[in-house]
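The values are calculated or read from the model by the stated rules, or taken from the named source; none is laboratory data. Predicted model only: the values in this text are computed from it and were never measured. Cβ placement follows ideal geometry from the backbone for every residue including glycine, while neighbour counts extend to all protein chains displayed. Ligands, DNA and RNA are excluded from the accessible area calculation, which covers all protein heavy atoms including side chains. Shrake-Rupley method; radii C 1.70, N 1.55, O 1.52, S 1.80 Å.
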Amino acid sequence: MTIERRRRIIRRRRTAIGTVLVAAISFLAGMTDAAGLLIAGSFVSFMSGNTTRAAVALADGQTGYAVILLGALLMFVAGNALGIIIAHNATRRTFRVLTGVTVILGVAAIVTGPDFATLQFYAIVLAMGLVNAAVEHIEGLPIGLTYVTGGLSRFGRGLGSWIVGAPRRDWIMQIVPWLGMATGGICGAFLERALGASVLWLACALSALIAIVVFFIPPRLQKRHAHRSLPPPVHIRPRSGL
């Protein structure tokens, strides 16, 4: 077996593992997103929608509701930041992030009742922000777990490039998060209608199950799912004239 062939096999395995992982986590995100929307009445990962709703609420004089939605934006940003902090220098970064998501979803499942509605809403939003740090790319392709608009856009642009003659087909992978979110969302909606807020316990259990499975993925592979920082810019000094 040549070195090049061995590299291709290893890359296919990494891609397959990453794709299954993205599908599972995006299913969890979709399930939690749909259930959270039905429980809280507001989006828990679609921050563009919450921004628009906050603007409309302000125009309608619903200042209190607008403030809650703006607070959700801050919680989502905080969740993304917390995910990077938790994963920093971790050997099993995906496992650590999913463990954090499990804990926060457990808190959201505990704090029920009208008096804790906003706290529960914020806890779900925080978990949805946090989960984005679990997988950030697969073999250099950017992946979004809780926001699929960018993935659908990349899928469409890749399709257009393929139609006009581009040979690469890795853009097909961009449809995976949407499929996971869609199927997870359907399950989450049906489960919320049947179980109410108790569906959050199922989301918590699913997150824990995925975390346990991820624990056995080699740490070096989990690190490859992290965002690749760009190399420092090279400053070229202008040459003096002759």
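Out of curiosity, is Gly188 within 20 Å of Phe121 (Cα to Cα) and in a helix (DSSP H, G or I)?
When the stated conditions are applied, Gly188 passes them.
This table checks each residue for (1) free of Cβ contacts under 8 Å to residues at least 40 places away in the same chain; (2) under 15 Å from Tyr147 (Cα atoms); (3) surrounded by fewer than 23 Cβ atoms within 10 Å (Cβ to Cβ); (4) within 16 Å of the chain's Cα centre (by Cα).
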| position | (1), (2), (3), (4) |
| --- | --- |
| Asp33 | no, yes, no, yes |
| Leu37 | yes, yes, yes, no |
| Ile68 | no, no, yes, no |
| Thr99 | no, no, yes, yes |
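Inside segment 187-207, can you point out the residues that are open to solvent by 20 Å² or more (accessible area, probe 1.4 Å) and of a type in the set (Ser, Thr, Tyr)?
Result: Ser198, single match.
Being in a helix (DSSP H, G or I), closer than 30 Å to Val97 by Cβ, at pLDDT 90 or above and in contact with a Ser or Thr (Cβ under 7 Å, 6 or more places away or on another chain) narrows it down to one residue among Ala54, Ala29; which is it?
So the residue among Ala54, Ala29 that is in a helix (DSSP H, G or I), closer than 30 Å to Val97 by Cβ, at pLDDT 90 or above and in contact with a Ser or Thr (Cβ under 7 Å, 6 or more places away or on another chain) is Ala29.
Name the pairs: first residue in segment 156-183 and over 30 Å from Leu206 (Cβ atoms), second residue open to solvent by 30 Å² or more (accessible area, probe 1.4 Å) and in a loop (DSSP other than H, G, I, E, B), Cβ to Cβ under 7 Å, at least 6 apart or on different chains?
Filtered contacts from segment 156-183: Trp162/Arg169.
Tell me, please, whether a residue that is open to solvent by 50 Å² or more (accessible area, probe 1.4 Å) and more than 19 Å from Thr19 (Cβ to Cβ) can be found in segment 131-152.
Yes.
Please tell me if Asp60 is open to solvent by 40 Å² or more (accessible area, probe 1.4 Å) and among the charged types (D, E, K, R).
It is true that Asp60 is open to solvent by 40 Å² or more (accessible area, probe 1.4 Å) and among the charged types (D, E, K, R).
Restricting attention to segment 67-94, which residues are charged (D, E, K, R) and out of contact with any Phe, Trp or Tyr (no Cβ under 8 Å at 6 or more places or on another chain)?
The one that is charged (D, E, K, R) and out of contact with any Phe, Trp or Tyr (no Cβ under 8 Å at 6 or more places or on another chain): Arg93.
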